Amino acid sequence: MIAFEEVWRSYPMGPSRVDAVRGITFTVASGDFVAISGPSGSGKSTLMNILGCLDRPSAGRYLLEGVEVAFLDDNALAALRNRRIGFVFQTFNLLPRMTALRNVELPMIYGGLHREARRRQALEALAAVGLAGRIGHRPSELSGGEQQRVAIARALVNRPAIILADEPTGNLDSKAGEEILEIFHHLVDGGATVVMVTHNPRIAERARRVIQLEDGRIVSDIRR
Amino acid sequence: MDFREAVALALEMLAANRIRTSLTVLGVVIGVAAIILLVALGEGATAYITRELTGLGTNLLIITPGKTQTSGGFHPPVASTVRKLTYDDAVALRRRATLLSDAVPIVLGTGKIRSQGISRHTSVIGVTPEFQRVRNLFVEIGQFVSDEDVEGRRRVVVLGRTVKRELFGEENPLGQFVTVADSRYRVIGIMERKGVSLGFDIDDLVFIPVKSAQDLFDTDRLFEILASVRSPDDIDRAIQQVKDLLIRRHGNREDFTVVSQGAMLSAFTTILKTLTAALAGIAGISLLVGGIGIMNIMLVSVRERTREIGIRKAVGARRRDILGQFMLESVVLSMLGGILGIALGVGGAEGLSLFFAYLPTRISLWSVIMAFGFSVAVGVFFGVYPARRAAHLDPIQALRYE
């Protein structure tokens, strides 16, 4: 489903350049729950951006469901993010002025769905994360854990090929974080694919497979 | 996202910053209102002048001594070529210019007019009976100057309303004598009330027979000859006929000027149109300044909402989605300003002519459409740059923006 082949990502930095990701190769099968772990500066954010089609590799190949991402233009990348990828961020990244329901509808607005279909799917997604009763609340009226659950509902509402979570528990207390991880497990049991980036080894251990990064390279890839 | 939702979203965003939005909109409102108001004033003045000039008599030709150019505006007369127009010139025109229905010799002077110890300085006009028809100005009580009065050089006078009131009050002046510049004149009529036209009090005049006026002012010259053309289609040919006739009478010299009422009218309206366009242009500049206000606020908005843009891009918004969203916001801003500006401009113009009778206004549809269209164009023009900036934000940077 996801295949990285010798992926590099370099940034020009003055006269020299910085290699954030140095020749990473791995695959993620459909229905897996993978954690990408490593200290800060290990390249996990860069990897995450490439995985999420927000960025393109400088060298190497990234195949998402068999499609070579490097060859796509911005509009095609936007469409791919819209339909095949769901983001969950550390800081939730909900639109503050919109209700939970409208936040979850957002990807479908850009997907061109009709209002009724949007509403129905958004309600389903919110029910799936246990927030059926909070659809009319704005982010400021929700707890951190609830906000993150809204974000998860938004991520899964278009039935993406992969849900990308960037430190999803980083801004939550341990109880709320636990709930989020349980939701991920639940989704994976239902057939979703989750890739989670975290610097916290205890969180990473909760995934089925842990890829350890250091200095832009994979140092270990353990399946439990 | 369908269009209605997009507009609703734009309105929601603008409503979230009410004060900021109002101030930005105000810039456009002032510009649009200024355009509509100033054009309404200009058009009102044009309509007023047209009405007043045509009210003084239609198909009018004015023949003045001396050669002046009249096309394209006013020029001082060329003094060296001035020769006199005479009573006989007017008679000749009346008899032989077939395209004219009337030709009235006019002598104009000012004098002190006195009765029973009350005196008043006023304009004295020497005329013939046809003056009434040509100038659309009629006697109300008594009689006007007759042919016999003219030929007999009789000392009779027709008073304008203002003069009558000043000298006689409510008294009946008919048959009484007044002194006009030391000569005694008998009052034979009172003119109808006409009021002020183009800043000139038409009632503050007295009329005497033209030959009597020449005696009074000791001159054989005329101030002008007023002629009326039989048919409005013949004005140009009539001018030519008058010229031919007078050139022959004046020893083959064109030492006079023939202007049609229409030419004077178009000279006036040309000036007013230029003035109106200049005023609208200045108002347009203020609209442009309003547009800069829009751009400014949209740039601030893009910066403030960088993270929102990042989120939208992350969930699949394309560049044109973001571009469209911000463009729509600036266009909604400017359209809001346009609509309120139309209301203010139209209301202001109506109010002006309601409260100040001397400021006639006429709201023209084209100025409303133009002002509104211009305001929308301003929204588009000044919205493009901020919207493009938003659309081209790097989603990774935008998501990280605090």
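Structure values in brief
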read-out	value
Antiparallel DSSP beta bridges within the protein assembly as shown, percent to nearest 5	70 percent
Pairs from B:LYS67/B:LYS164; B:LYS84/B:LYS243; B:LYS112/B:LYS194; B:LYS164/B:LYS211; B:LYS84/B:LYS211 whose Cα-Cα separation, in the structure shown, is over 26 Å	B:LYS67/B:LYS164
C-alpha long axis of helix B:319-355 to longest principal axis of chain B, angle in °	30 degrees
Point-to-point label distance, A:ASP215-B:SER146, nm (Cα→Cβ direction, 7 Å offset)	12.8 nm
Relative contact order for the range B:101-228, counting Cα pairs under 8 Å that sit 6 or more residues apart, in percent	38 percent
Per-q log10 I(q)/I(0), chain A, q = 0.13, 0.17, 0.18 Å⁻¹ (Debye; single scatterer per alpha-carbon; no solvent)	-0.74, -1.22, -1.33
Reachable aspartates and glutamates from B:LYS273, criterion Cα separation under 14 angstrom, eight or more residues apart if same chain	B:GLU43
Sorted by Cβ neighbour density within 10 Å, fewest at the top, the residues B:ASP89, B:ASP233	B:ASP233, B:ASP89
Highest to lowest packing among B:27-35, A:124-132, scored as the average C-beta count within 10 Å	B:27-35, A:124-132
Ascending count of other beta-carbon atoms within 10 Å, so fewest first, for A:VAL28, A:VAL34	A:VAL28, A:VAL34
Summed side-chain charge close to B:VAL156 - residues other than B:VAL156 whose Cβ falls under 12 Å, Lys, Arg +1, Asp, Glu -1	+4
Of the GluC sites (Glu not before Pro) in the range A:4-111, those whose Cβ has at most 16 other Cβ within 10 Å and which sit in DSSP loop	A:GLU65
Residue-wise HN-Hα coupling along the range B:247-253, computed from phi with Karplus coefficients 6.51, -1.76, 1.60 (Hz; x: Gly, Pro)	4, 4, 5, 9, x, 6, 10
Shielding by partners, peptide B:382-395 (average Cβ within 10 angstrom, other chains)	1
Along principal axes, Cα extents of the range B:325-395, largest first, whole Å	61, 18, 13
Estimated FRET transfer efficiency (B:ARG96, B:VAL380; beta-carbon r; R0 60 Å; 0.05)	0.40
Neighbouring partner chain Cβ atoms per residue of A:87-96, average, 10 Å criterion	3
Sorted by Cβ neighbour density within 10 Å, fewest at the top, the residues A:VAL188, B:VAL302	A:VAL188, B:VAL302
Candidate lysines for bridging to A:LYS175, where Cα separation is under 26 Å - those fewer than 8 sequence places away on the same chain excluded	A:LYS44
Among B:VAL156, B:PHE131, B:ILE113 the positive-end extreme of the charge dipole of the range B:101-228 (Cβ point charges)	B:ILE113
Theoretical gain in end-to-end length, A:ASP189 to A:ALA59 [0.36 nm per residue, Cα-Cα removed]	43.4 nm
Helix B:87-96 axis, angle to chain B major axis (alpha carbon atoms, nearest 10°)	80 degrees
Neighbouring partner chain Cβ atoms per residue of B:302-315, average, 10 Å criterion	5
FRET efficiency for A:GLU116 and A:GLU182, using Cβ-Cβ distance with R0 set to 30 Å, rounded to 0.05	0.45
MRE, 222 nm, helices only [DSSP H, n ≥ 4, -39500 (n - 2.57), over chain A, to nearest 500]	-10500 deg cm²/dmol
Relative contact order, percent, chain A [alpha-carbon distance under 8 Å, six or more residues apart]	30 percent
Cut-off of 10 Å, at most 12 other beta carbons, DSSP loop: longest stretch of chain B lacking such chymotrypsin sites (Phe, Trp or Tyr not before Pro)	B:75-355
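Each reported figure results from applying straightforward, stated rules to the coordinates on display, with no laboratory input. Being a predicted model, the structure only gives us computed values, none of them experimental. Don't worry about glycine lacking a Cβ; one is built from the backbone with ideal geometry, like all the others, and counts go over all protein chains shown.
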